[in-house]
Amino acid sequence: MPWDCEECSCWSKCGSIEGGTDNRGGIIHLAARDIFSRIGNDPECVFVFRVSFIEIYNEEVRDLLISSDSNNVLAIREDPQRGVFVNSNESIVTDLTTLLATLF
């Protein structure tokens, strides 16, 4: 099945990001399995999968890919071309294992 989107995002409540006690994982695990499964089924295309991990809490946006020791509060910006965005860190991942290692 071809993909029509240039960017895909997953949003979730905190309680379901990492999953419960049933070892199936949370929303990130399930979405990532599906994404990498679809990528694996389309050998003719080349994909670059970049991830960022942010938290919005108490009117602050924090970059969770930066260690908690540093100042990880991000400024919310607006641009006529891009719209509303934050300059968060991104990591390129190649499979489910590297994605989960990056995020957790």
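The values are calculated or read from the model by the stated rules, or taken from the named source; none is laboratory data. Because the structure is a prediction, the values reported are computed rather than measured. For neighbour counting, all protein chains shown are included, and Cβ atoms are generated from backbone atoms with ideal geometry for every residue, glycine included. For accessibility, only protein heavy atoms count, side chains too; no ligands or nucleic acids. Shrake-Rupley method; radii C 1.70, N 1.55, O 1.52, S 1.80 Å.
Side notes on the structure shown:
- Long-range HN-HN contacts of ILE54 with modeled amide H, under 5 Å: LEU64
- Loop-located chymotrypsin sites (Phe, Trp or Tyr not before Pro) in the range 27-90 (DSSP state other than H, G, I, E, B) with a sparse environment of at most 12 neighbouring Cβ atoms within 10 Å: PHE47.
- Sparse packing (at most 15 other Cβ atoms within 10 Å of the Cβ) combined with a DSSP loop state is found for the following GluC sites (Glu not before Pro) in the range 40-73: GLU44, GLU59.
- Scanning residues 5 or more positions from PHE49 or on other chains, those with amide H under 5 Å from its amide H are VAL93, with H placed 1.01 Å from N in the peptide plane.
- Take the range 32-85 with all the other protein chains still there, run a 1.4 Å probe, and you get 80 Å² of accessible area per residue.
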